[in-house]
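Each remark here refers to the structure printed beneath this line.
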Ligand code: FNR
């Protein structure tokens with residue numbers, strides 16, 4: 001992973017690299033996501049007779065080969081000319097879910113077609129920012145459905161854009177000429193062939209989410225959940241799953257590391273719906289730590305961008321394969337066959353508390 005990260009760093013234009021790597025404000029949440037995993041250790045169980053580990057997981061009715069999903073990230077064609085098509089092909093081949101970003105540089109129908117070309121039952125979920133104009137949201141949902149997406153992922157941690165100091169310093173505010181947010185093309189209110197900017201609104205509420213659910217029969221996943229009361233409400237409202245996320249440290253900089261927010265969310269959900277997590281997952285140990293704390297699966301954002309920038313489809317495939325292999329290896333070392341054999345008491349804080 002480090003090798004791909006270094007290669008991506010050396011190949012990417014520094015402005016694009018900063019856009020991918022950066023976080024909000026002083027980048028505390030960004031750094032804490034990784035640091036919090038590093039502060040945790042795993043207590044293995046021995047002589048458990050667990051046998052060969054399995055990374056398979058069933059999620060929203062689909063059988064996946066790995067509990068590591070691809071988180072939605074914007075603008076993949078800035079990382080590699082094959083862009084989202086390469087990511088979709090690698091995710092499908094890895095037997096995992098691609099959460100396609102609304103801010104993609106490839107239209108969602110092309111993304112799902114690329115995934116299905118590799119594997120007819122490939123799972124692509126569509127990430128959505130609810131738009132202030134209901135007819136714009138409705139058209140995006142219609143397109144995601146027509147493209148064959150099997151779930152919608154509503155990102156709810158962005159009532160305003162985060163302040164990204166690196167982008168401000170670099171003057172990176174828009175896509176360079178020749179690229180567009182293709183899902184935003186030809187929406188209500190745009191001139192023919194034009195694209196709309198993605199809007200964020202602090203006026204959005206649970207009522208808007210309810211209206212969305214009336215528009216679609218697709219399962220709706222809520223992304224950006226950190227408070228246990230919001231997690232409980234998501235389950236009460238009939239959402240399909242939640243993603244514990246601080247947007248990779250790109251929104252509220254004072255947000256806690258996601259792995260630190262996870263246990264309270266898991267307790268509030270009490271097994272009613274799956275809990276996913278993203279933010280700072282870089283190794284199989286991180287994956288197993290999240291699973292032991294009650295996550296059903298995790299997602300990775302930046303590692304996929306590193307793989308894509310470094311080696312295109314093959315690089316994304318390598319990232320997903322490495323994480324799956326490491327996860328299986330760590331499960332075995334922990335005495336677990338799969339997630340069901342893990343327990344929260346296997347996750348402990350590093351450091352000597354008593355001597
Ligand atoms: C993101 N993320 C994001 N989330 C989302 O819901 N819609 C989006 O368009 C984007 N775009 C985006 C761009 C870039 C460059 C990054 C790094 C992140 C957040 C993403 O889905 C996820 O929450 C984090 O990336 C997870 O953290 P790690 O794995 O990057 O540490």
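How tilted is helix 258-269 with respect to the longest principal axis of the chain? Cα atoms for both, answer in degrees (0 to 90, nearest 10).
Value to nearest ten degrees: 90.
Can you work out the base-10 log of I(q)/I(0) for the range 53-185 at q = 0.13 1/Å, using the Debye formula on its C-alpha atoms alone?
Log10 of I(q)/I(0), two decimals: -0.57.
Could you put 20, 129 in order, starting from the residue whose Cβ has the fewest other Cβ atoms within 10 Å?
Ordered by Cβ neighbours within 10 Å, fewest first: 129, 20.
For residue 340 and residue 121, what is the calculated FRET efficiency with R₀ set at 30 Å and r taken between the beta-carbons, to the nearest 0.05?
0.80
Which value in nm describes the separation of the simple spin-label points at residue 325 and residue 214, placed 7 Å from the Cα toward the beta carbon?
Going from the residue 325 label point to the residue 214 one covers 5.2 nm.
Which of rounded, prolate, oblate describes the range 1-119, given a ≥ b ≥ c as roots of the alpha-carbon gyration tensor eigenvalues and a/c under 1.5 marking rounded, otherwise prolate only if a/b is larger than b/c? Write down the numbers at each step before the final one.
On the way: a/c = 2.17, a/b = 1.17, b/c = 1.85.
Oblate is the answer for the range 1-119, as a/c is 1.5 or above yet b/c matches or exceeds a/b.
How do 7, 223 rank when sorted from fewest to most other Cβ atoms within 10 Å of their own Cβ?
Numbers: 7 16, 223 25.
If I rank by nearby Cβ atoms, fewest first, I get 7, 223.
By DSSP, what percent of the beta bridges with both residues in the chain are antiparallel, rounded to the nearest 5?
Looking only at bridges with both residues in the chain, the antiparallel portion is about 20 percent.
Taking only the C-alpha atoms, wrap a convex hull around the range 146-258 and report its volume per residue in Å³ as a whole number.
That works out to 146 Å³ per residue.
What distance in nm separates the two pseudo spin-label positions at residue 272 and residue 174, each 7 Å out from Cα along the beta-carbon direction?
Going by the 7 Å Cα→Cβ label model, 4.5 nm.
Listing 173, 329, 76 from the residue with the fewest other Cβ atoms within 10 Å to the one with the most, what is the order?
Lowest count first: 173, 329, 76.
Could you check the spin-label model distance between residue 236 and residue 350? Points 7 Å from the Cα along Cα→Cβ, value in nm.
If labels sit at residue 236 and residue 350, their model points lie 3.9 nm apart.
To the nearest 10 degrees, how steeply does helix 83-93 sit against the main Cα axis of the chain, on a 0 to 90 scale?
Roughly 40 degrees between the two axes.
Compute the long axis of helix 28-38 from its Cα atoms, compare it with the longest principal axis of the Cα atoms of the chain, and write down the angle in degrees, 0 to 90, nearest 10.
Between the helix axis and the principal axis of the chain, the angle is about 30 degrees.
Over all distinct Cα pairs, what is the inverse of the mean 1/r for the chain, reported as the Kirkwood hydrodynamic radius in Å?
The answer is 20.4 Å.
With a Förster radius of 22 Å, plug the Cβ-Cβ distance of residue 142 and residue 62 into 1/(1 + (r/R0)^6) and report the FRET value to the nearest 0.05.
0.50
Multiplying the sequence separation of residue 254 and residue 47 by 0.36 nm and subtracting their Cα-Cα distance, what value in nm do you get?
Result for the pair: 70.3 nm of gain on full extension.
Going 7 Å from the Cα of residue 160 in the Cα-to-Cβ direction, what parts of the range 250-269 have a backbone nitrogen less than 14 Å from that spot?
Correct set: 251-254.
Measure out, as a whole number of angstrom, how far apart the alpha-carbon centroids of the range 46-116 and the range 236-303 sit.
A separation of 17 Å, based on Cα centres.
Only the coordinates and a few stated rules stand behind these numbers; no lab work does. Please read these numbers as outputs of a predicted model, since none were measured by experiment. Neighbour counts are summed over all protein chains in view; Cβ atoms, including those assigned to glycine, are modelled from backbone coordinates with ideal geometry.
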